[in-house]
Amino acid sequence: MKEIIKIEGRHKLNGKVKINGAKNATVALIPALVLADEQVVLQGVPDISDVKVLAEILEYLGVEVTRNGDEFIANPHHMVNKELPNALASQLRASYYFMGSLLGKYKEVKMKMPGGCYLGPRPINLHIKGFELLGANKITDYDGYHLKTEQLIGNKIYLDFASVGATINIILAATKAEGITVIENAAKEPEIIDVCNLLNKMGAKIKGAGTDEITINGVDYLHSCIHEIIPDRIEAGTYLIIAAAAGEYVLIENIIPQHLDSLTSKLKEMGVNMEILEDSIIIKESKNLKAIDITTQTYPGFATDLQQPLTALLTQAKGISKITDSIYPERFKHTLELNKMGAKVSTFMNMAIVEAPSPLNGAQVSATDLRGGAAMIVAGLLAEGITEIDNIYHIDRGYSKIDIVLEELGAKIWREIKFND
Ligand code: EPU
């Protein structure tokens with residue numbers, strides 16, 4: 001028995017969508033809460049399954065969690081350090097942020113490999129290198145990660161690659177290290193600034209977030225605060241792509257347009273009819289789309305997470321589009337699913353070539369991963385007939401009630417329980 005999403009394509013979308021707090025900020029902010037010595041309130045928390053799992057991990061560690069709408073309140077007064085339960089930690093990538101926060105707070109952490117979408121190999125060597133440079137020792141008695149030290153000491157850490165995860169994880173640990181840590185070649189994604197803003201409101205001393213050099217002056221105590229999460233640029237980008245595919249008039253609200261510059265400039269190049277306002281974007285019916293080339297890069301370059309839903313739209317853009325993923329060279333499993341629907345996408349090394357336009361037809365497809373699932377939704381809205389998407393737990397990990405939002409815009413989309421044949 002499994003839950004699937006079905007879409008009857010070719011219905012025009014009209015109305016507005018309000019974007020939630022950023023998933024990739026939230027999944028770091030929740031583990032960051034364990035560093036606090038007092039209660040902290042997060043606002044704008046998205047209703048996605050990754051948040052539910054992180055809340056369960058906090059509760060397992062003895063943190064009192066209260067959820068009230070989009071508010072998430074964590075009280076760490078009775079918290080204890082324990083090995084992370086693998087049944088929970090293996091459900092998402094971001095469980096690795098507990099490494100930085102527990103190491104920072106207790107100078108010891110024990111967990112197995114984190115989970116998350118398979119996008120090709122996703123090593124965490126840079127996280128571990130950072131922890132070791134802060135003085136953590138790897139204990140080899142355990143089939144996983146066991147890191148321990150008497151005291152973390154600030155250090156200079158150069159990242160070979162500007163990794164989002166390694167930057168945040170090192171910041172979390174260094175917040176409670178003795179002395180000054182400098183991260184060079186740090187990642188600059190907006191979610192990193194959001195994590196640093198929360199930590200600074202709690203009393204941390206972090207400078208340079210959003211640049212490639214971040215300085216953290218360790219502190220002993222982190223106090224109570226209220227923090228509102230930034231809007232999700234990837235959720236917003238997905239709805240922009242959906243609106244470009246099937247919209248007649250769609251207003252997307254609660255966004256920071258600057259965070260989406262790399263996408264909106266490409267959508268304009270394709271011929272998408274859009275109006276960018278202060279904190280919203282309007283997309284009107286867009287016809288005669290043109291092929292484009294994109295290369296994914298670290299922020300402010302084109303986000304790898306949006307490459308997948310954009311591929312689905314590019315199947316309707318006349319000409320040959322070339323997509324190069326320089327962050328995850330193997331992030332192309334969605335292209336096989338698109339081809340089942342009639343798309344003409346071929347892949348070679350870290351590249352996908354889309355020959356378009358190709359009319360899409362409803363088919364049985366799979367959400368190969370979170371953003372691959374978003375690509376299937378875009379394709380389903382474009383296709384003639386009914387598309388059936390399975391493995392939708394991937395989609396629910398990162399998009400809050402996407403089927404309800406689209407139904408309200410006029411899409412024919414619904415969930416069904418399917419019994420194994
Ligand atoms: N890398 C290493 N060693 C490391 C860390 C990363 O070689 O120690 C490599 C990775 O293999 C990859 C590249 O560096 O080739 C980028 O990895 P990064 O660490 O920046 O990514 P991440 O932290 O694992 C986050 C998001 C991803 C998003 C990437 C890139 C979270 C939980 N995940 O992953 O989001 O694609 O940054 O922006 O924040 C998604 O939302 O669907 C998603 C996968």
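The values are calculated or read from the model by the stated rules, or taken from the named source; none is laboratory data. In this text the structure is predicted, and so the values were computed from the model without any measurement. Because the Cβ atoms are built from the backbone with ideal geometry, glycine has one as well, and the counts that use them run over all protein chains shown. Calculation scope for accessible area: heavy atoms of the full protein, side chains included, ligands and nucleic acids excluded. Shrake-Rupley method; radii C 1.70, N 1.55, O 1.52, S 1.80 Å.
Among the residues of segment 179-224, those identified as in a strand (DSSP E or B) and either of a type in the set (Lys, Arg) or under 24 Å from the mean Cα position of the chain (by Cα) (or both) are ILE183, GLU184, LYS205, ILE206, LYS207, ALA209, THR211, GLU213, ILE214.
In the list ALA343, ALA317, ALA383, which residue meets the criterion of being among the hydrophobic types (A, V, I, L, M, F, W, C), in contact with a helix residue (DSSP H, G or I) (Cβ under 6 Å, 6 or more places away or on another chain) and closer than 28 Å to LYS284 by Cβ? Just one listed residue meets the conditions, ALA317. Filtering segment 148-178 to residues that are assigned to a strand (DSSP E or B), of a type in the set (A, V, I, L, M, F, W, C) and open to solvent by 10 Å² or more (accessible area, probe 1.4 Å) leaves only ILE153.
The single condition among (1) closer than 21 Å to GLU83 by Cα; (2) modelled with pLDDT of 95 or more; (3) within 11 Å of the ligand (Cβ to nearest atom) that GLU189 does not satisfy is (1). I'm checking my understanding of the structure. Among residues of segment 194-230 that are touching a Cys at 6+ places or on another chain (Cβ under 6 Å) and of a type outside the set (D, E, K, R), which one is least open to solvent (accessible area, probe 1.4 Å)? Among those that are touching a Cys at 6+ places or on another chain (Cβ under 6 Å) and of a type outside the set (D, E, K, R), it is MET202.
Under the condition of being of a type in the set (D, E, K, R) and within 13 Å of the ligand (Cβ to nearest atom), the residues counted in segment 146-181 number 1.
Answer yes or no as to whether ALA379 is buried (at least 24 other Cβ atoms within 10 Å of the Cβ) and farther than 17 Å from MET1 by Cα. Against the criterion (buried (at least 24 other Cβ atoms within 10 Å of the Cβ) and farther than 17 Å from MET1 by Cα), ALA379 qualifies.
Does LEU251 meet the test of being closer than 25 Å to ASN14 by Cα, within 16 Å of the ligand (Cβ to nearest atom) and in contact with a Gly (Cβ under 8 Å, 6 or more places away or on another chain)? So LEU251 does not fit the description; no.
The condition of being at pLDDT 95 or above and charged (D, E, K, R) holds for ASP160.
Checking the stated criteria, ILE283 turns out not to satisfy the condition of being aliphatic (A, V, I, L, M), under 18 Å from ASN350 (Cα atoms) and in the same structural domain as MET341 (by TED's automatic domain parsing). Filtering segment 277-299 to residues that are exposed (fewer than 15 other Cβ atoms within 10 Å of the Cβ) and under 20 Å from ILE255 (Cβ atoms) leaves LEU277, GLU278, ASP279, LYS284. Kindly evaluate ILE241 against the criterion of being closer than 25 Å to ILE395 by Cα and buried (at least 22 other Cβ atoms within 10 Å of the Cβ). In short, yes.
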